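What follows draws every value from the coordinates through simple rules; no lab data is involved. Here the structure is a predicted model, which is why all the values come from computation and not from measurement. Quick reminder, even Gly has a Cβ in these numbers, built from the backbone with ideal geometry, and neighbours come from all protein chains shown.
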C-alpha cells in the first residue's frame, strides 16, 4: 500500500464496538470486494470493501473477516482468512500478506488461509444461532452487479436455512458516521493532499488549457504524495459545463473569461476528501461572476454554523434553502412574487440550486449513514452550496469538509484558499507568456 501503516488499535476498537451491537450467539461475516473486470483480461484497480476495511485494515482481495463474540471455542471470537501466496502469484503479482503481516495490520490473532475457510467457518456457523451479513444498503445506490457478499448470502441461506439472518449495515451506519480522533487525522491528511493539488492548479491554470490538463495536475500531486488516487471521478468543468452537476468528460478547452468549476478529492488509506472550488481561468472574476461567487460563499459561511449536534439534515437543508432563496432575489434571479407563488414541494430556488448541501464523508465520499438520524459530534460532512444559471452558462459551487463537535463545527479545509481575492492573487502570482 502507498499509505503509512495505520495503528491496529483503530481496527480493534472498531471490532469491539461492532460486536457490542450484535445479538447473542451471533456470527458476522464480511467479505472483501471482488476484482472487477475491466476489458479483455484486465481488471480495474482493486478497492477494498469499506466495511471490511473499517473492521480490520486488511487491504487485499480474497479476504474474509469473521466476528463471533460469544463463541465457546477458545480464541475464535475474531478471525480472518487471507489468500495464500504461491510461486505463480509471487511471480506475476508479488507477495501477498503473510499471516504475521495480517495479524500486525488488523490486530486479529487467528489468521487462516482462505482455502481453510469452508471447514472452519462451517463449524463456527453451527455453533451460532444468528448470522450477520454485510449487504450494501446505501439508500441511493442500485447496481446490477452482484457483490461477493450478496453471492455468499445466497449460498449460506441455501446451506443453513434454519439460522436467523441479520443485516450488518444498520450497525455499521451507526458506528462509521462517528469518526475517532485517528480517523479525523487520516481525513485531515487526505484533505491536505487535496489542498496541495488545488494550489498547484492555481499555479498553472491559464486560458487555452484543456480541462483534462488541469485534471492531470491534480492526479500528479495525489500520486506524488502517496494517495490511492481520486476518491471519485473528478469534475473539471469550464464555461457552460459548470452547470452540469456531474460533468466528468473534462475534454473542453478553458476559454478566456471562463469560470472553471473543479470538484475533486484525494483518497488516502481509503479515506475520502471532497473539495469544490470555482476559479476564473483568466485570473480575474468579472462583475457578474464575482456577484454570484460572493453569494455562494455567503451561503456556505452561514450554513457551516448550522452543522451542530441535535439538528436533522432536513431542518438544515430547509434553512440553507432560505439562504439560497434570499441570495437569488438579490441577484435578480427570483422575485418575491416567485417565492410567494411557489409550490412548497418544489421551491423556486431549486431552479438554480438542485442538489443537497451536505452529505456524510469518510471511507466513502458519500459515506454510509442514516439521513434521518440527528447530527452528532464526531460526524464529518461536506458543505457545498451552489448557484447554476444555465441561461448565462454560469455555475458556481464551493465545498469544504466539516467536522461536527460539541464546541461548534471545525472546517477541515479552512487552510485551503476560498475567498475571491485570495484566488485571484494566487492565480496572478505567476506572469503568463
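In terms of surrounding Cβ atoms within a 10 Å radius of their Cβ, 126, 52 rank from fewest to most as 126, 52. When both segment 103-165 and segment 39-92 are represented by their alpha-carbon centers, they are found 12 Å apart. Per residue of the chain, the DSSP helices (runs of n ≥ 4 H) give a summed -39500 (n - 2.57) that works out to -11000 deg cm²/dmol at 222 nm. With the alpha-carbon atoms of segment 1-159 aligned to their principal axes, the span from lowest to highest coordinate is 45, 37, 29 Å, starting with the largest.
Sorting 92, 113 from the fewest to the most surrounding beta carbons within 10 angstrom yields 92, 113.
By definition, a body whose alpha carbon gyration tensor gives a ≥ b ≥ c is prolate when a/c is 1.5 or more and a/b is larger than b/c, and the chain fits this prolate description.
Neighbour counts of C-beta atoms inside 10 Å place 366, 189, 154 in the sequence 154, 366, 189, starting with the fewest. If you plug the beta carbon distance of residue 245 and residue 129 into 1/(1 + (r/R0)^6) with R0 = 51 Å, you get a FRET efficiency near 0.60.
Run the paramagnetic zone check for residue 157: 7 angstrom along Cα to Cβ, then residues of segment 1-34 with backbone nitrogen under 18 Å. Taking a point 7 Å out along Cα→Cβ of residue 157, the residues of segment 1-34 whose backbone N falls under 18 Å are 27-31. When you count the other C-beta atoms within 10 angstrom of each residue and take the mean per peptide, 340-347, 81-88, 128-135 line up highest first as 128-135, 81-88, 340-347. Beta bridges from DSSP with both residues in the chain: antiparallel share about 75 percent, rounded to the nearest 5.
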